[in-house]
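Just below is one structure, and these are the notes that go with it.
The values are calculated or read from the model by the stated rules, or taken from the named source; none is laboratory data. Small disclaimer: the values here were computed from a predicted structure and weren't measured. Glycine also receives a Cβ, built like all others from the backbone with ideal geometry; neighbour counts cover every protein chain displayed. The area values use the complete protein model at the heavy-atom level, side chains included, leaving out ligands, DNA and RNA. Shrake-Rupley method; radii C 1.70, N 1.55, O 1.52, S 1.80 Å.
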Amino acid sequence: MLQEEKELLVRLIDYLLDLERKEPVVQPQSPESLSHLLSLDLEEEGLQIDELEQVVKELIKHTPKTSSRRFFNQLFGGREASASIGDILSVMLNTSMYTYKVAGPMVLVEQLLCREIADRIGYGDHAQGTMAPGGSMSNLMAMIMARDKADPTAKEEGVQRPLVGYTSEASHYSVLKNAALCGIGRSAIRKVQTDDQGRMLISDLQDQLQTDIKAGKVPFFINATAGTTVLGAFDDIVTIIEVAKVYRDIWVHVDGAYCGSVIWSRQHRVLLQGVDGSDSFSVNPHKMLGTPLSTSFLVVQDRSRLYASFSEDAGYLYQTADDDLNPGKISLQCGRRNDALKFWMLYKSKGHRGLEQMVDHQMTLAQQCRDYLRHHPDYTLFPCEQSVAVCFNYKDIPAEYLCNQLYEEGEMMVGYGAFRGESFVRLVIVNSQNSWDVLLDFFTSIEQFAVHKLIISDI
Ligand SMILES: *Cc1c(COP(=O)(O)O)cnc(C)c1O
């Protein structure tokens, strides 16, 4: 890399950081006007470095700013500098995380992080983990292992037994999608009802299990969610595992993609009580822990299940070291991006205590938001206690309309959700650099916006 290329990188980063401060929300434009405005077309001749800089700056300018203080739209946000530096380094090192020969100590970094998570959730010595490209893929790996355990010839012959799985109606859509991907079929996944807090209703789980067993089906998988995507609710893992044991030994996966990071908090990890008895657990530090996308872990209580489902022989790839040091042996992928380094750098710079503070800070901020809304007569608050999701309506303004207008006017990016037929604004507190000031500003902006900008006759 030439000196002038290094300088280009620094200038582009400075440009982005400056824009984030000055224009935290990009003015939305149609794809047609953007393709017209930006020089996206591929050309015969390459650009000079200064021309390239101008073109890329335009592109950056019009890209939504997910790390700004006005972004609350998805389950990630903010930026932890040490983690971002780690990710840039991963690109520069460009190792592939399948073998020790190619990735060297990076394999140890990934394994150490998996071990830390396994220890935190109380899995024993036989546990092992891996990183997957996102929570959906971590969940897919869990379902494949459950399938292969319940139907051992599935890997060779395709699914032979009438497998059925269970997940709450508030769970993430990847559970259904994964059932399609691994040959079980979406219709073999039972949607279990939820209680008024959005947690899996155990009585309905039991009813559906009994019905299926009577009908000759084979229950193979229960997905419990630690932080549902809309309300941020935590399923009762202890009871779900009890039920799984009574009705045969069903694989219990805990999907902690969103809020599994509470394992770093002494105060809040009780929300995951019982997770030590589960078969697998996933967590995305790219959600509550400010690490760049994607950072997702899957840990498994019995490591032999990982090898049983994912190990293939390949003489051209696995030429040194034993299986333990070749993470490609327990992966969906062949070439694997280094997602471990960024989280390790964050961890090193913060320590256990720093990660705990990030989690606690977000939980406290969410509580402060709920207190504010409760004391303000114009807001209606939806059930989301002990969660980093704050779900509310302002006056009688439909949530969808409010969120769309806020976006159109370049005011802020926040999304809406629904529970039991009612829609609401879903404010997600997953940016640990936010302070109460930023959130108070969020609410007062909504209040002022409603008075000055919304045309009530449009509603
Ligand atoms: C975000 C989320 C996922 C999916 O994670 P990706 O990394 O986006 O694939 C799965 N489960 C839950 C509960 C989530 O909130």
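Of the residues Val359, Tyr347, His375, the one whose Cα sits farthest toward the positive end of the charge dipole of segment 321-396, with +1 on the Cβ of Lys and Arg and -1 on the Cβ of Asp and Glu, is Tyr347.
Helices meeting the span-like rule in the chain (full DSSP H runs, Cα extent of at least 20 Å along the helix axis, mean Kyte-Doolittle score of -1.0 or higher): 3-22, 105-121, 135-150, 340-374, 436-452. Residue order by solvent-accessible surface for Val414, Val55 is Val55, Val414, largest first, with ligands and nucleic acids left out and a 1.4 Å probe. The value of relative contact order for segment 358-459, using C-alpha pairs under 8 Å at least six residues apart, is 26 percent.
Remark: for residue pairs Lys149/Lys214; Lys177/Lys350; Lys101/Lys155, the C-alpha separation exceeds 27 Å in Lys177/Lys350; Lys101/Lys155. For the chain, the longest stretch holding no GluC sites (Glu not before Pro) located in a DSSP loop with at most 12 other Cβ atoms within 10 Å is which? That gives 46-311 as the longest site-free run. When the Cα positions of Ile189, Gly135, Met145 are compared along the charge dipole of segment 75-190, Ile189 comes out farthest toward the positive end, with charges on each C-beta of Lys, Arg, Asp and Glu.
The aspartates and glutamates whose alpha-carbon is closer than 13 Å to the alpha-carbon of Lys61, local same-chain residues fewer than 8 away aside, are Asp14, Asp18, Glu20, Glu23, Glu53. Rounded to the nearest 0.05, the FRET efficiency derived from the C-beta distance between Tyr15 and Met92 at R0 = 25 Å is 0.80. The H on the amide N of Tyr166, modeled in the peptide plane, is under 5 Å from the matching H of Arg190, Phe221, Ile222, Asn223, each at least 5 residues off or on a different chain.
Across bins of 10 angstrom width beginning at 0, how are the C-alpha pair distances of the chain distributed, in whole percent? Percent of Cα pairs in each bin: 4, 19, 27, 25, 18, 6, 1, 0. Each 10 Å bin from zero holds the following percent of Cα-Cα pairs in segment 166-277: 14, 48, 32, 6, 0.
Think of each Lys and Arg Cβ as +1 and each Asp and Glu Cβ as -1; about the Cα centre, that makes the dipole of the chain roughly 1260 debye. Across segment 387-397, rounded Karplus estimates of 3J(HN,Hα) from the backbone phi angles (6.51 cos²θ - 1.76 cosθ + 1.60, θ = phi - 60°) give 8, 9, 9, 10, 10, 7, 10, 10, 6, 9, 6 Hz, Gly and Pro being marked x. Overall, the accessible surface of the chain at a probe of 1.4 angstrom is composed of carbon and sulfur to the extent of 51 percent.
Summing Cβ point charges (Lys, Arg +1; Asp, Glu -1) relative to the Cα centre of segment 303-446 gives a dipole of roughly 500 debye.
One way to sum up the overall shape of segment 385-459 is the equivalent ellipsoid from its Cα gyration tensor, whose semi-axes run 20, 17, 10 Å, largest first. What the chain shows is 46 Å² of accessible area per residue, with the surface traced by a 1.4 Å probe over protein heavy atoms. The peptide list 280-287, 204-211, put in order of mean Cβ contacts within 10 Å with the highest first, becomes 280-287, 204-211. Considering segment 335-416 at the alpha-carbon level, its Rg and Dmax are found to be 17.8, 55 Å. Based on the Kirkwood approach, the hydrodynamic radius assigned to segment 76-169 is 16.5 Å, with every pair of different Cα atoms included. Converting phi to 3J(HN,Hα) with the Karplus coefficients 6.51, -1.76 and 1.60 and the offset θ = phi - 60°, segment 312-325 yields 10, 8, 8, x, 6, 10, 8, 10, 9, 6, 8, 3, 4, 9 Hz in sequence order, with x at every glycine or proline. Using the Cβ-Cβ distance between Leu2 and Lys57 with R0 = 25 Å, the FRET efficiency computed as 1/(1 + (r/R0)^6) comes to roughly 0.80. Calculated [222 nm] ellipticity per residue, helices only, for the chain: -13500 deg cm²/dmol; basis is -39500 (n - 2.57) per DSSP H run with n ≥ 4, divided by all residues, nearest 500. With a cut-off of 10 Å between beta carbons, the residues surrounding Asn393 carry a summed charge of -2, where Lys and Arg count +1 and Asp and Glu -1. Stretched out straight at 0.36 nm per residue, the stretch from Asp437 to Thr380 would grow longer than its current Cα-Cα span by 18.4 nm. Remark: relative contact order (segment 34-154) = 9 percent; criterion is Cα-Cα distance under 8 angstrom and separation of 6 or more residues.
Taken about its Cα centre, segment 1-158 carries a charge dipole of about 900 debye when Lys and Arg each add +1 at the Cβ and Asp and Glu each add -1 at the Cβ.
Would you mind calculating the relative contact order of segment 125-214 from Cα pairs under 8 angstrom and at least 6 residues apart, reporting the percent as a whole number? The normalised contact order for segment 125-214 reaches 24 percent. Converting the Cα gyration tensor eigenvalues of segment 240-359 into ellipsoid dimensions via √(5λ) gives semi-axes, longest first, of 27, 24, 10 Å.
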